[in-house]
Every structure is written in structure tokens, then in C-alpha cells.
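Written below as C-alpha cells is the structure these notes are about.
We did not get these values from a lab; they are worked out from the coordinates using the rules stated. Bear in mind that the values here come from a model prediction, so they are computed numbers and not experimental data. Virtual Cβ from ideal backbone geometry, glycine too; neighbours counted across all protein chains shown.
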Amino acid sequence: MIKGTPELITERREEIINACEQLYRTMSFREITLKEIGNAVPFSRPTIYNYFQTKEEIFLALYEREYNRWNGDLDLILKEQGPMSCGELAGRIADSLARREQLLKLLSMNNYDMEANSRQELLTSFKTSYGRSMQLMQRILEKQRPDMSAEEIRRFQYIFFPFMFGIYPYTTVTQKQRAAMEDAGVLFMYQSIYEITFCCLNELLK
């Protein structure tokens, strides 16, 4: 049982997630340890174990928060009045993901290890946020593309959501990766998150 007021518990939990998020901006998942996260919070490292048992659980909480933020964007799209063309809808969804680079970076990680090393209740909470994204996307399509059948909407979901796992690696490359592509003679057109997402969505919505 975690001691403290609900406000303090929420605040401490957010501080841990925020510390992880800040470290993840400059370090890889492998480099970040509970010790590193403990050094970045304003309370003792053992306190972290009252909230999270593993590093993976902290990352899963960050992952969940990013999905919740994207869900907020999708909810705004759903609430927009009036019909949108395929291009307009593709643009609105692509723009929402262009603002969620952290989510896309997390998607490009090995989710199996993260989920395997997290408690069931935390994994369920994460899956609820993920499922909310799929539900919102379905409702957006039902509203904006009434010509799409239920099967076509399902097919859209099973193409677009797996596609999201590859957006970050295809749009964010290091100088080392770029040089290796050039040395290998591989012709590759680099695109922004918005551009690559818009192209996929525009094709799926036609």
C-alpha cells in the first residue's frame, strides 16, 4: 500500500515518469537504469519501488501517457463539425502524430520485453489507452467515411496501426545511419513524420 494523499501519490508517479521521459530524450532504453531515473527525481531512489517495480513499468507508464495524449488529439478530430475530404482527414490525423514523436519513438522499441516485465494491472491500464486509440479511430472513420464498410474499417486498422511502428525509424535517422545508407548505395528518400503518415493515410482512405 502506497502511503500519502492521492494528490501526492499522483505527483510522485508523474515525477518518475517525467524523469524517464527527460532521460529518454538523450539516452537509449538500454542505457537508462532505475539508478539513472532515481538520480533525476527529488526523492530517494527506494521510493520509486513504491510505484514501479521495474524500469519497463516506468516506460510502459510513459507509453500509456503518450497514447492518452494522442487520444486527446483524436477526440478533437472526432468532435469536428462537418465532413472532411480524404486529404483533409489524412492531414488532420497525420498532424496529430507529427506532434507525438515520443509515442512513435516508443512504438519503435521492443514492446515484448517492456510488457513481459510489467505487472498485469499496469499492462491492462496501458492496453486500455491503446484500445481507446483504436476505438476513436473507428469512430472517426464511421463519421467521416460513411461509405466504408465495417470490414474496410477493420482492414484500415490492421494496416495503419502496425504501420505506426515503423514511422519513427523511417523519419528519424542519425548521421551514422545516413552515411551507412550512402556507403551501401541504397537510394532512400527521407520524409517527415507528417509526410510519410499523410501518404499512407491518403492511400488507405481513397
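So what is the relative contact order for segment 1-51, in percent, with contacts set as C-alpha pairs under 8 Å and at least six apart?
39 percent
What order do you get for Val41, Val186 when you list them from fewest to most C-beta neighbours inside 10 Å?
Val186, Val41
Which value in Å is the Kirkwood Rh of segment 1-51 over different Cα pairs?
Numbers: mean 1/r = 0.0880 Å⁻¹.
Computed over Cα pairs of segment 1-51, the Kirkwood hydrodynamic radius comes out at 11.4 Å.
So for the chain, averaging the separation of alpha carbon pairs under 8 Å that are six or more residues apart and normalising by length, what relative contact order in percent results?
It rounds to 24 percent for the chain.
Of Ser133, Leu123, Tyr24, which is farthest on the positive side of the dipole of the chain, counting Cα position, with +1 on Lys and Arg Cβ, -1 on Asp and Glu Cβ, and the Cα centre as origin?
Leu123
Give, rounded to the nearest 20 debye, the magnitude of the charge dipole that segment 1-51 has about its Cα centre when Lys and Arg contribute +1 at Cβ and Asp and Glu contribute -1 at Cβ.
On the way: 7 positive and 7 negative charges, 41 e Å.
It comes to approximately 200 debye.
Can you tell me the dipole magnitude for segment 1-129 around its Cα centre, using point charges on the Cβ only (Lys, Arg +1; Asp, Glu -1), in Debye to the nearest 20?
The dipole of segment 1-129 has a size of about 260 debye.
Which of the residue pairs Lys55/Lys105; Lys127/Lys206; Lys105/Lys176 have a Cα-Cα distance greater than 26 Å in the structure shown?
Lys127/Lys206
Based on the Cα atoms of the chain, what semi-axes does the equivalent ellipsoid have, where each is the square root of 5 times one gyration tensor eigenvalue, given in whole Å with the largest first? Don't jump to the answer; show the numbers that get you there.
Working: eigenvalues 218, 115, 37 Å².
Computed over the chain, the values are 33, 24, 14 Å.
Quick one: if you stick a label point 7 Å off each Cα along the C-beta vector at Ala184 and Ser125, how many nm between them?
3.9 nm
Full extension from Lys176 to Ser44: what is 0.36 nm times the residue separation minus their Cα-Cα distance, to one decimal in nm?
Extra length available between Lys176 and Ser44 comes to 43.7 nm.
Among Tyr158, Tyr194, what is the fewest-to-most ranking by other Cβ atoms within 10 Å?
Values: Tyr158 11, Tyr194 16.
Fewest to most other Cβ atoms nearby, the residues stand as Tyr158, Tyr194.
Are there trypsin sites (Lys or Arg not before Pro) in segment 1-102 that DSSP puts in a loop and that have at most 12 other Cβ atoms within 10 Å, and which ones?
Lys3, Arg25, Arg30
Can you give me the Cα centroid spacing of segment 1-44 and segment 139-158 in angstrom?
39 Å
Once amide H atoms are built 1.01 Å from N in the peptide plane, which residues 5 or more positions from Glu80, or in another chain, come under 5 Å H to H?
Those qualifying (amide H under 5 Å, at least 5 residues apart or on another chain) number zero.
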